[in-house]
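Input: one structure, supplied below.
The values are calculated or read from the model by the stated rules, or taken from the named source; none is laboratory data. Since the model is a prediction, treat every value here as computed from it, not as a measurement. Cβ sites come from the backbone with ideal geometry, for glycine too, and all protein chains shown count toward neighbours. Surface accessibility is based on the protein's heavy atoms, side chains included, excluding ligands, DNA and RNA. Shrake-Rupley method; radii C 1.70, N 1.55, O 1.52, S 1.80 Å.
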Amino acid sequence: MTNQLSDRINNLPVSETLAMAAKARELKEQGKDIISLSLGEPDFNTPDFIKEAAIQAIHDNYSSYSPVDGYVDLKMAICEKFKRDNHLTYQPNQIVVSTGAKQSIANVAMVLLNPGDEVLLPAPYWVSYSAISILAEATYVEIPSTVETDFKITPTQLEAAITPKTKMIFFNSPNNPSGTIYSEAEYRALAKVLEKHPNIYILSDEIYEHINYGEPNFSFAAIENMYDRTITVNGVAKAFAMTGWRIGYIGAPDWIAKACTKMQGQITSGANSIAQRATIAALQAPVSKIKYMVDEFRDRRDIVVALLKEIDGFKLNVPGGAFYVFPDVSAFFGREIKGYKIANAADFSMFLLAEANVATVTGDAFGAPTCIRISYAASEAQLREAIKRIKDALS
């Protein structure tokens with residue numbers, strides 16, 4: 001039978017991060033000693049106080065459907081969190097709780113974008129931004145940056161990328177994959193450009209906000225005349241080591257929140273009830289409760305950056321947050337190493353998997369084809385061993 005799949009799914013790229021993670025798992029099952037530094041997932045357990053809240057919710061019989069947009073007391077906790085951490089005032093009717101921040105982003109794209117609209121993606125960007133734009137039948141436009149600019153775009157670049165078809169821009173700080181953090185001054189400079197284009201909406205993905213090592217997180221919606229055009233996306237996956245709990249949320253203008261609830265009502269309905277109760281405990285706790293994880297990530301970053309700088313050909317910035325390094329490896333392009341021809345970052349990533357038994361992700365997936373992403377959400381021993389293997393493979 002001929003392929004009867006829709007154009008929608010045939011045109012959709014596979015997630016490179018998930019594909020590399022699957023490849024690493026497959027090799028492990030074959031008995032190979034693979035160190036996987038490909039997935040963006042904390043290697044910590046969910047804190048006990050959050051698990052206890054979930055257990056209590058089970059005892060309290062939170063086993064029925066929840067409201068599509070989330071429990072009211074969770075939405076109130078989210079409003080309090082936005083006020084405390086981000087200096088943003090949202091009401092519960094402006095909050096929508098979803099099955100992970102990925103669904104939050106997809107909801108927003110589906111309710112705001114029409115076929116032919118353009119979405120600006122400052123590169124590097126998270127792999128799913130481009131795929132979600134494709135699903136919404138929009139066109140994504142990359143705004144490139146380099147390691148020399150700390151992977152940040154300038155107001156001049158932003159202005160040059162805007163066309164009459166531009167409908168949205170996605171910001172992500174701290175950034176996946178580069179760890180870059182935009183300062184308040186840098187965001188305000190970009191907002192000055194967007195002021196001249198009132199029909200452009202801003203999606204601000206702040207999922208890594210608490211995993212930062214100096215520059216405090218600044219929310220784009222806190223810029224006075226951007227609040228009514230900004231959708232703030234967050235969740236508990238990264239900072240609270242709750243990736244599998246699948247809870248994300250938005251704060252948005254109420255008409256956008258209402259539309260996202262309508263969309264979600266036809267796709268998944270309300271998010272997992274037990275996970276929602278656990279999220280209340282996570283968000284109401286002082287941020288100091290997760291400081292031990294952030295401190296550990298900072299130590300690992302320092303180790304990884306120092307070790308990678310010892311390898312000739314790796315060019316990298318010092319990431320200010322998240323748990324990734326994103327070295328430029330273009331110095332290896334056009335070379336043959338141990339029988340492997342390295343034409344691009346994908347080749348280099350596959351070489352490291354084959355020769356060093358270390359799984360990374362090609363930067364092509366993130367709109368930065370000269371780089372690879374290395375996650376340091378792994379133990380110090382694993383990280384040291386992985387970089388030793390990389391160094392040996394390239395020697």
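With a ≥ b ≥ c the root eigenvalues of the C-alpha gyration tensor of the range 160-261, is it rounded (a/c under 1.5), prolate (a/b larger than b/c) or oblate?
Note, shape of the range 160-261 comes out oblate.
Would you mind checking which residues have amide H under 5 Å from ARG335's amide H? H placed 1.01 Å from N; only 5 or more apart, or other chain.
ILE342
Can you bin the range 306-395 into rounded, prolate or oblate? Criterion: square roots of the alpha carbon gyration tensor eigenvalues sorted a ≥ b ≥ c, rounded for a/c under 1.5, prolate for a/b above b/c, oblate for the rest.
oblate
In the full protein assembly as shown, how much of HIS59 is accessible to a 1.4 Å probe, in Å² to the nearest 10?
Rounded to the nearest 10, the figure is 130 Å².
Then there is this: From the Cα gyration tensor of the range 9-152, with a ≥ b ≥ c the square roots of its eigenvalues, which class applies: rounded if a/c is under 1.5, or else prolate if a/b is larger than b/c, or else oblate?
Oblate, since a/c reaches 1.5 and b/c is not below a/b.
Tell me the accessible surface of MET20 in square angstrom (1.4 angstrom probe, heavy atoms of protein chains only), to the nearest ten.
For MET20, the solvent-accessible surface is approximately 20 Å².
Work from the charge dipole of the chain (Cβ charges, +1 for Lys and Arg, -1 for Asp and Glu, about the Cα centre) and give the residue of VAL141, ILE50, GLN266 farthest towards its positive end.
Comparing the listed Cα positions along the dipole, GLN266 ranks first.
CYS371 accessible area, nearest 10 Å², 1.4 Å probe?
Surface open to solvent at CYS371 totals about 0 Å².
Compute the relative contact order of the chain as a whole-number percentage, counting only Cα pairs closer than 8 Å that sit 6 or more residues apart in sequence.
23 percent
Let me ask another. Relative contact order of the range 1-141: what whole-number percent is it, with Cα pairs under 8 angstrom and at least 6 residues apart?
Once divided by the residue count of the range 1-141, the mean separation gives 21 percent.
Report which label in (1) 20.9, 62; (2) 25.8, 78; (3) 20.4, 67 holds the value of Rg and Dmax of the Cα atoms in Å derived from the coordinates of this structure.
Of the listed options (1) 20.9, 62; (2) 25.8, 78; (3) 20.4, 67, (1) comes from this structure.
So how strong a dipole does the chain carry about its Cα centre when Lys and Arg Cβ are +1 and Asp and Glu Cβ are -1, to the nearest 20 debye?
300 debye
Now, a different point. Name the lysines eligible as straight-distance cross-link partners of LYS338: C-alpha to C-alpha under 27 Å, and not fewer than 8 places from it in the same chain.
LYS338 reaches LYS23, LYS28, LYS32, LYS309, LYS315, LYS388, LYS391.
Follow-up. What is the magnitude of the charge dipole of the range 223-374 about its Cα centre, with +1 placed on the Cβ of each Lys and Arg, -1 on the Cβ of each Asp and Glu, and no other charges, expressed in debye to the nearest 20?
460 debye
Can I ask one more? May I ask you to list the lysines whose Cα is less than 26 Å away from that of LYS258, ignoring any residue fewer than eight positions away on the same chain?
Candidates past the 8-residue exclusion: LYS75, LYS81, LYS83, LYS102, LYS165, LYS167.
How much accessible area per residue does the chain have, in Å², with a 1.4 Å probe?
43 Å²
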